[in-house]
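The values are calculated or read from the model by the stated rules, or taken from the named source; none is laboratory data. Bear in mind the structure is a predicted one, so any value in this text is a computation, not a measurement. Note: ideal-geometry Cβ built from the backbone for every residue, glycine included; neighbour counts use all protein chains shown. Just the protein is used for accessible areas: all its heavy atoms, side chains included, with ligands, DNA and RNA removed. Shrake-Rupley method; radii C 1.70, N 1.55, O 1.52, S 1.80 Å.
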Amino acid sequence: LGFLVSVLPVVLLALIVKWLVSLLSHFLEGWQNLPLISILGQTQRVNMTQLLGLGPVLEALQNWDTVSALAVIGVVAALSLLGGVLMGAISGILELAYNLTARLTGGIQVELVGKREADSSANLANPR
């Protein structure tokens, strides 16, 4: 159930991140050949990504940008499913440890009192 509840927001967030990576990648690609100054009709260009040391960042963004949206959704869904299974396993182990501890130590005993008995005992304790 947790997988079904969490998968839609996670997929939407993954698609938003993919869109932001694509946007940033195209933005930095525009910095590779910036016109700096025009002298006698000739424009001098500069590669700002290399000048600022952003070449590795641009390469990483370009690699992430080549991944299709369907692959992103698949990986996110698989990781969500894996997380759900892992949480279920951890929950089961904790439940087993709790029940084993309760069995070995005697557990918690709760006495239930019927409604009529509770009303009559309350009336006896607090007569009007």
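With a 1.4 Å probe and every protein chain left in place, work out the accessible area per residue of region 1-105 in Å², rounded to a whole number. Spell out each step's value before the answer.
On the way: 8000 Å² over 105 residues.
Per-residue accessible area for region 1-105 comes out at 76 Å².
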- [ ] Subtracting the Cα-Cα distance from 0.36 nm times the residue separation, let me have the gained length for residue 95 to residue 12 in nm, one decimal.
- [x] 26.6 nm
Open item on the list: If I model a spin label at residue 26 and residue 86 as a point 7 Å from the Cα along the Cα→Cβ vector, what separation in nanometres do I get?
Closed with: 3.4 nm
- [ ] Could you tell me which of rounded, prolate or oblate describes region 1-119, using a ≥ b ≥ c as the square roots of the eigenvalues of the alpha-carbon gyration tensor, with rounded for a/c under 1.5 and, failing that, prolate when a/b is larger than b/c and oblate otherwise?
- [x] prolate
Task: 15 Å beta-carbon shell around residue 50, net charge (K/R +1, D/E -1) - done: -1
- [ ] Please sort 67-79, 10-22 by packing, taking for each peptide the average over its residues of neighbouring beta carbons within 10 angstrom, highest first.
- [x] 10-22, 67-79
Task: Euclidean distance between Cα centres, region 16-40 to region 47-87, Å - done: 19 Å
